[in-house]
Each structure stands twice: as structure tokens, then as C-alpha cells.
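The values are calculated or read from the model by the stated rules, or taken from the named source; none is laboratory data. In this text the structure is predicted, and so the values were computed from the model without any measurement. Here Cβ is always computed from backbone atoms with ideal geometry, including for glycine, and neighbour counts include all displayed protein chains.
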Amino acid sequence: MATERKGTETATRVADVLMLFTDGPDSLGVTAIARALGLSKTVVHRTLSSLVERGFLVSEPRTREYALGPSLASLGARALRESSLRSAALPIMRSLQAATGETVTISARVPGGRVYLDQIESTREIKMTVELGRRFPLHAGSSSRSILAFLPATERHDFLAQHDLEALTPKTITDRSDLAARLEDVRATGAAQSDGERQHGAGSVASPIFGFDGQVVGALSVCGPAYRMSADVRTSTVPLVRDAADRISRALGWRGGLPLDETRDAS
């Protein structure tokens, strides 16, 4: 039992180290990792050495910092190829990009937030692009809020009560009451709009995507420079995004509309 417990702790430590790279800087040193995880530098260094040996991390002798390695890139590429959400979304994303002229993205819900799985970039000279694979919090931006709005009621309420609403830009919603009201609006309309909440100078519209069981699994968005994605443009884009997200949900097996059954999910 002691050996099994030690193995579990080691696996958890490795996962925690790797997760620091999903929503933090591109490279980290031993001291920063140790401080973030509350571990000794000796334990962190031993864990990092093991990850470097297997190609999950690479070390930079000049800075003495570590970054994600080629083995993780291979795993990520394999995960993307086999993602049913991405596969179902891609043809619909291409059609939506052609209809709007702006960049279209697909996000997946992950523990602690969401990540962009893919994007179909705008063909315009000035356009928005997103960083694939990086974890973003669920309170900032239209894709995040469209996922958060349709989490089970207990998860939604716990998030509003306990989560640190960090300001990613001056326009990020950090007031809990304001965020709660915005989430109710998303639940009523089936779409979220953002004007520079996650990324300065960007405007976007997003709708949730549901799996076969009606649980929210991700979000579809259209994003572009704020000067093109004005309030009027965002409003006119809502039906297009909402319809496209519904088609992806149906491709994943969901046969209902917005799952607002209050007997299942009392708000």
C-alpha cells in the first residue's frame, strides 16, 4: 500500500509540474516551480530530470529554466488528431469562417478552465489568432463564459463563490454579481459576447457545445479585431455561431436544444 501511495504521489507531482506550463510562462526554473507547488527544490529537480530524460521537457543551460519538449508535442498532436470534438467541428468551422470572414476557434473544457483545440484563421490581412493548447480561465472571454454558463448549477455556484477572478485585461469581468448576471444572459440567449475581456483589442461571439449526454464539452467562437467586431456585428453574428455550435453538438450525439432542464440543473 505504501508503494502504491508513493507511486500515486509521484504521478500527481509529475502532472502538476507539467500543468504549470499550460497556463504559465513558456519556461520555468526550479525555484519558481517549487514555490508554485509547495515542494522542495530537491524534489522538483529530481522530477524535472526525469521529464527531461523522456523528452517531456527540455532544459536551457544558459537560463537554467525548463520548457515543454518534443515528446509532449507528439502527444498533443496525437490528441488533436483523435479529438472527436475537433473532428466534428472542423467542417462546420470552415463554413462559419467563410460566412463571417473572421477567425473561428474551437475550445474544449479541461480541468481548471479551457483550451483552444484549433482555429480557422481569417484570410484578412489584419486578423485575430489564438494560442492552441494553453489553458485559459472560465470567467474571461466569450468562449470561457459560454462554457461556464452551462456547467451544472453546483459547479457554477462554487466557481462564482470560490474562484479568483483575475483581470486579464482592464475589461475582464471581476465582479461576481456582474459575472453571475452575464452568465444568466448567456443561458437565456445561448451565446456570449466579449469586447476585449480576455485579449485587448479583440471582439468575439461564442456558443456552447454539448456532448451526447447534454454536458457542456466546449465552445465555438468567431473572433476578430474589436474595430470590426462592433456591438452590432457581434449581435448579428450570434445566430450564425449559435446554429453552428448546435450542429457540432448534434454531430457529437446531442439531440436536444440548450439543456436548461431545471429539474436536472436548478439555477
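Brief remarks follow.
- Restricting attention to region 90-110, the residues being touching a Lys or Arg at 6+ places or on another chain (Cβ under 9 Å) and either without any contact (Cβ under 8 Å) to a residue 12 or more places away in the chain or within 16 Å of VAL216 (Cα to Cα) (or both) number 4.
- When we screen ASP178, ASP243 for residues that are out of contact with any Leu (no Cβ under 7 Å at 6 or more places or on another chain) and either assigned to a loop (DSSP other than H, G, I, E, B) or under 23 Å from ILE120 (Cβ atoms) (or both), the only hit is ASP243.
- ILE173 meets the conditions (1) in contact with a Leu (Cβ under 8 Å, 6 or more places away or on another chain); (2) part of a strand (DSSP E or B) in every case but one. The failed one is (2).
- Residue count, region 154-173 (criterion: out of contact with any helix residue (DSSP H, G or I) (no Cβ under 6 Å at 6 or more places or on another chain), touching a residue at least 24 places away in the same chain (Cβ under 8 Å) and surrounded by 13 or more Cβ atoms within 10 Å (Cβ to Cβ)): 7
- Counting residues in region 226-236 that are under 19 Å from VAL115 (Cβ atoms) and either surrounded by 24 or more Cβ atoms within 10 Å (Cβ to Cβ) or outside the structural domain of GLY141 (by TED's automatic domain parsing) (or both) gives zero.
- Counting the residues of region 29-56 that are small (Gly, Ala, Ser) and either touching an Asp or Glu at 6+ places or on another chain (Cβ under 6 Å) or part of a helix (DSSP H, G or I) (or both) gives 6.
- For ILE120: the one exception among (1) within 16 Å of the chain's Cα centre (by Cα); (2) touching a residue at least 24 places away in the same chain (Cβ under 8 Å): (1)
Conditions tested, residue by residue: (1) surrounded by fewer than 19 Cβ atoms within 10 Å (Cβ to Cβ); (2) of a type outside the set (Gly, Ala, Ser).
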site: GLY101; (1), (2): yes, no
site: PRO111; (1), (2): yes, yes
site: ARG114; (1), (2): no, yes
site: LEU117; (1), (2): no, yes
site: GLU121; (1), (2): yes, yes
site: ARG124; (1), (2): yes, yes
site: LYS127; (1), (2): yes, yes
site: LEU132; (1), (2): yes, yes
site: ARG135; (1), (2): yes, yes
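- In the condition set (1) assigned to a strand (DSSP E or B); (2) out of contact with any Asp or Glu (no Cβ under 7 Å at 6 or more places or on another chain), GLY203 is compliant with all but (2).
- Single residue of region 5-32 satisfying the filter (of a type in the set (A, V, I, L, M) and under 22 Å from the mean Cα position of the chain (by Cα)) that is surrounded by the most Cβ atoms within 10 Å (Cβ to Cβ): VAL17
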